[in-house]
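Worksheet for the structure shown next.
Derivation of every value follows stated rules applied to the coordinates shown; laboratory data play no part. What you see is a predicted model, and the numbers here were worked out from it, not measured in a lab. Counting neighbours? That spans all protein chains shown, and the Cβs are built from the backbone with ideal geometry, glycine included.
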């Protein structure tokens, strides 16, 4: 119920209302992702905000900067006084036209480059990043790349992040068909839009689009990435085992024991890492964590608490 209600019209109305009540300014920016790549997002700022601090929000797969959980989190952070940027990954939101090649989960380099461009343009000296589901995976990988990219990252928060992509696929296949059908439908629609925009580059037919999740993922991993196989593709954004031990910034993770998409065992396996602080809720579903029938969410409060010091700390040397 938590997972379903999180994507419901009631939750969408709640998030839209909260964002409107934040009385912030909103500006769409197109960022340089390197090598001609363009990524787009929305900069939101309250009337009084720290000019050198920013919170970057990363949505989940087939979500967008306008997803309910992103809007609700942005609204809460804006009320706390934060400046917020809601980034769209490639081919998410209304951005399919910006790049010819198709999105895949290994495209962390363009997110790092776009973040660097954003921070330079806004003169940001203190950065926090939060992500949901696949966006949580990207947020943690952004943390792994932060030192080399000279990003002034001070805090990371991930909500139900995908840890081991192969196990996430297995969980969706073994669980209620509802979740798998939901993502299949949204991905097929996105791919069809990409084909319509760039027919000479993307000539896959409707037979391909009718494939189920695993064979469809395999098809694009083999033909539209440099990984060569589904297994190599999954490994490219796997953050299980000791991989997150290399984080230069402590990371907070919020997870639910009843998450139907990301196995809770994945989190138990990384919770022992000293630079991770994992909070386990008994209920919450996948990125749900709804507190009441008014659609208020715990995750927004959780983020606000963890990013409070962003408004207090002096700029890093």
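Take the alpha carbon gyration tensor of region 96-169, find the square roots of its eigenvalues, order them as a ≥ b ≥ c, and report rounded if a/c is under 1.5; if not, report prolate when a/b exceeds b/c, else oblate. The shape class here is oblate.
Taking other C-beta atoms within 10 Å as the exposure proxy, 205, 32, 94 rank 205, 94, 32 from fewest upward. Ranked by how many other Cβ atoms sit within 10 Å of their own Cβ, fewest first, the residues 213, 295, 1 fall in the order 1, 213, 295. Restricting attention to region 1-129, close to 60% of DSSP beta bridges with both partner residues there are antiparallel.
Applying 0.36 nm per residue to the separation of residue 275 and residue 248 and subtracting their alpha-carbon distance, the gain on full extension is 8.9 nm.
Considering only alpha-carbon pairs that sit under 8 angstrom and 6 or more positions apart, the relative contact order computed for region 1-133 is 31 percent. Relative contact order of region 134-222, taken over Cα pairs closer than 8 Å and 6 or more residues apart, is 20 percent. The spacing between region 239-254 and region 110-170, judged by their C-alpha centroids, is 11 Å.
Hey, what number do you get for the chain at 222 nm if only DSSP H runs of n ≥ 4 count, each worth -39500 (n - 2.57), divided across all residues, to the nearest 500? One gets -12500 deg cm²/dmol as the mean residue ellipticity at 222 nm. Counted by neighbouring Cβ atoms within 10 Å, the residues 141, 306 run from fewest to most as 306, 141. Calculate log10 I(q)/I(0) of region 144-255 for q = 0.10, 0.12, 0.16 Å⁻¹, where I(q) comes from the Debye formula with a single equal point scatterer on each Cα and nothing for solvent. Relative scattering, expressed as log10 I(q)/I(0), comes to -0.42, -0.59, -0.94. For the pair residue 186 and residue 16 in one chain, pulling the backbone fully straight at 0.36 nm per residue adds 59.1 nm over the alpha carbon distance.
Normalising the average separation of contacting C-alpha pairs (under 8 angstrom, six or more residues apart) by the number of residues puts the relative contact order of the chain at 20 percent. Within the chain, what percent of beta bridges assigned by DSSP are antiparallel, to the nearest 5? Roughly 35 percent of the beta bridges in the chain run antiparallel, per DSSP.
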